[in-house]
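Here is the structure we will look at, set down as structure tokens.
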Amino acid sequence: MAPSERIVLCAVGIGNRGRYVLGCFLQEPDVQFVAVAEVKEARRQAIKKLADSRYGNDNCATYRDLRELLARDDIDAVLIATGPNWHAAAATLAANAGKDIYCEKPCTKNIEQSLALAATIRRTGRVFQAGTQRRSLPNFAFAADLAR
């Protein structure tokens, strides 16, 4: 696939869940993963190794501070898989930096944060997707039906 046809992706905060989601993105031929921001050095290096191995190079950039990562103008989208307390803040910073967003759940911690994030997404015109895919699996739908 031509580089101009790829989504250039980065990640903020990669633990177990984030690593799983990143693995799904790495399988897509139209995604090019280029950088990770993670406060824990071991996680940063593990993700760099994963990405560099995938692409056969050593180009994956690492950052401790997500603001430095989001300042890059070559990034189209960001995977946010930090701890839940940082989801809304990271998503807001990403949208304000002109990035589209895939954010793990919970996207926010309260209604006030939800309304503020929604307003930011509307104002910036960014694409925002929440990681709620498990809710559409048959066993979860069955449990919801039982509860109702």
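The values are calculated or read from the model by the stated rules, or taken from the named source; none is laboratory data. What you see is a predicted model, and the numbers here were worked out from it, not measured in a lab. Backbone-built Cβ (ideal geometry, glycine too); neighbour counts: all protein chains shown. Calculation scope for accessible area: heavy atoms of the full protein, side chains included, ligands and nucleic acids excluded. Shrake-Rupley method; radii C 1.70, N 1.55, O 1.52, S 1.80 Å.
Please report, as a whole percent, how much of the solvent-accessible surface of the stretch 96-148 comes from carbon and sulfur atoms (probe radius 1.4 Å). Numbers along the way, then the final one.
On the way: 2140 of 3760 Å².
In the stretch 96-148, the share of accessible area belonging to carbon and sulfur is 57 percent.
How big is the chain by the Kirkwood estimate over distinct Cα pairs, in Å?
Numbers: mean 1/r = 0.0626 Å⁻¹.
Radius from the Kirkwood sum: 16.0 Å.
Counting Lys and Arg as +1 and Asp and Glu as -1, each charge on the Cβ, what is the dipole of the chain about the Cα centre in debye, to the nearest 20?
On the way: 21 positive and 16 negative charges, 103 e Å.
Dipole size: approximately 500 debye.
Give the accessible surface of the stretch 1-132 per residue, rounded to a whole number of Å², with probe radius 1.4 Å and ligands, DNA and RNA excluded. Let's see the in-between values first.
Working: 7070 Å² over 132 residues.
With the other protein chains kept in place, the stretch 1-132 gives 54 Å² per residue.
What distance in nm separates the simple spin-label points at K49 and L26, each placed 7 Å from Cα in the Cβ direction?
1.1
Determine which lysines satisfy two conditions relative to K49: a Cα distance under 20 Å, and not lying fewer than 8 residues away in the same chain.
K40
Where is the GNM fluctuation largest for the chain (alpha-carbon springs, 10 angstrom cutoff): S53, S136, S114?
S136
Mind giving me the nanometre distance, one decimal, between the label points for A116 and L137, set 7 Å out from Cα along Cα→Cβ?
3.3
What whole number of Å gives the distance from the Cα centroid of the stretch 1-58 to the Cα centroid of the stretch 83-138?
The distance from the Cα centre of the stretch 83-138 to that of the stretch 1-58 comes to 19 Å.
Using only DSSP helix segments of four residues or longer, with each worth -39500 (n - 2.57), what per-residue ellipticity at 222 nm results for the chain after dividing by its residue count and rounding to 500? Mind dumping the intermediate values first?
Numbers: 6 runs with 65 residues, N = 148.
After summing the helix terms and dividing by residue count, I get -13000 deg cm²/dmol.
Give the long-range amide H neighbours of A61: residues separated by 5 or more places, or on another chain, with amide H under 5 Å away, using H modelled in the peptide plane at 1.01 Å from N.
For A61, whose amide H was placed from the backbone, the distant partners under 5 Å are A35, V36.
Pick from P106, P29, P84 the residue whose mean-square fluctuation is largest in a GNM of the chain, springs joining Cα atoms under 10 Å.
Of P106, P29, P84, the Gaussian network model singles out P29 as fluctuating most.
List the aspartates and glutamates whose alpha-carbon lies under 18 Å from that of K99, not counting same-chain residues fewer than 8 positions away?
K99 reaches E5, D30, E38, D65, E68, D73, D74, D76.
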